[in-house]
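Novice: This is the structure I want to talk about, given as structure tokens.
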Amino acid sequence: RDQPRSRGLGDVYKRQHPGAQPEEVIEEYRKEIRENIEYDHLRRQHPYDDIDEIADLMLEVLCTRDSFMRIGGKQLYTALVKERFLKLDSSHIEYVLDCLRESTADIRNIKAYLLEMLFNAPATCGSYYRAKVNHDFHDSG
């Protein structure tokens with residue numbers, strides 16, 4: 001309790017990244033996201049999908065200063081969500097784009113839907129593609 005009370009976003013960033021300005025931290029996260037998801041490659045492969053929207057949503061999560069986030073109706077530690085988002089790569093983003101393309105659901109809150117898809121992608125994309133291969137294999141045989 002002897003620690004001085006935070007005076008805003010800048011103080012949070014300085015505690016997490018001593019000496020860094022918020023703009024520097026945001027730019028570092030932006031670079032890390034683009035590197036992790038192979039941004040340039042995704043833009044070439046998916047010119048009509050909004051890769052920027054997904055990258056910006058990931059950036060928003062990584063820059064969140066709240067302790068908890070609601071994803072898929074669950075209150076989760078933001079640290080867990082950030083850790084999962086930092087593990088996302090181009091295959092996860094392609095999985096999310098595939099799911100969006102194939103979905104016939106009436107998605108009312110696209111931001112919440114994307115957050116849930118991105119959060120769950122590392123845990124579900126392998127099973128999704130295995131199921132597709134099995135389906136295609138059995139259909140062709």
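The values are calculated or read from the model by the stated rules, or taken from the named source; none is laboratory data. All values reported here derive from a predicted model rather than from experimental measurement. All Cβ positions, glycine included, derive from the backbone under ideal geometry; neighbour counts span all protein chains shown. Remember, those area values only see protein heavy atoms, side chains included, never the ligands or the DNA or RNA. Shrake-Rupley method; radii C 1.70, N 1.55, O 1.52, S 1.80 Å.
Novice: Counting only residues that are farther than 12 Å from ILE54 by Cα, assigned to a helix (DSSP H, G or I) and out of contact with any Asp or Glu (no Cβ under 6 Å at 6 or more places or on another chain), which one in region 30-44 is most open to solvent (accessible area, probe 1.4 Å)?
Specialist: Among those that are farther than 12 Å from ILE54 by Cα, assigned to a helix (DSSP H, G or I) and out of contact with any Asp or Glu (no Cβ under 6 Å at 6 or more places or on another chain), it is ARG44.
Novice: Does ARG30 count as without any contact (Cβ under 8 Å) to a residue 40 or more places away in the chain and farther than 15 Å from GLU94 by Cα?
Specialist: The answer is yes for ARG30.
Novice: Is it the case, given these coordinates, that PHE68 is at pLDDT 95 or above, surrounded by fewer than 17 Cβ atoms within 10 Å (Cβ to Cβ) and among the hydrophobic types (A, V, I, L, M, F, W, C)?
Specialist: The answer is yes for PHE68.
Novice: Could you grab me the full set of residues in region 36-68 that are hydrophobic (A, V, I, L, M, F, W, C) and touching a residue at least 24 places away in the same chain (Cβ under 8 Å)?
Specialist: The answer is ILE37, LEU42, ILE51, ILE54, ALA55, LEU57, MET58, LEU59, VAL61, LEU62, CYS63.
Novice: I'd like the full set of residues that are over 9 Å from the mean Cα position of the chain (by Cα), touching a residue at least 24 places away in the same chain (Cβ under 8 Å) and surrounded by 16 or more Cβ atoms within 10 Å (Cβ to Cβ), limited to region 101-115.
Specialist: Within region 101-115, none qualify.
Novice: Counting only residues that are open to solvent by less than 10 Å² (accessible area, probe 1.4 Å) and assigned to a helix (DSSP H, G or I), how many does region 78-96 have?
Specialist: 5
Novice: Name every residue in region 6-40 that is over 20 Å from VAL61 (Cα atoms) and modelled with pLDDT of 95 or more, in order of residue number.
Specialist: Of everything in region 6-40, just one residue is over 20 Å from VAL61 (Cα atoms) and modelled with pLDDT of 95 or more, namely ASP40.
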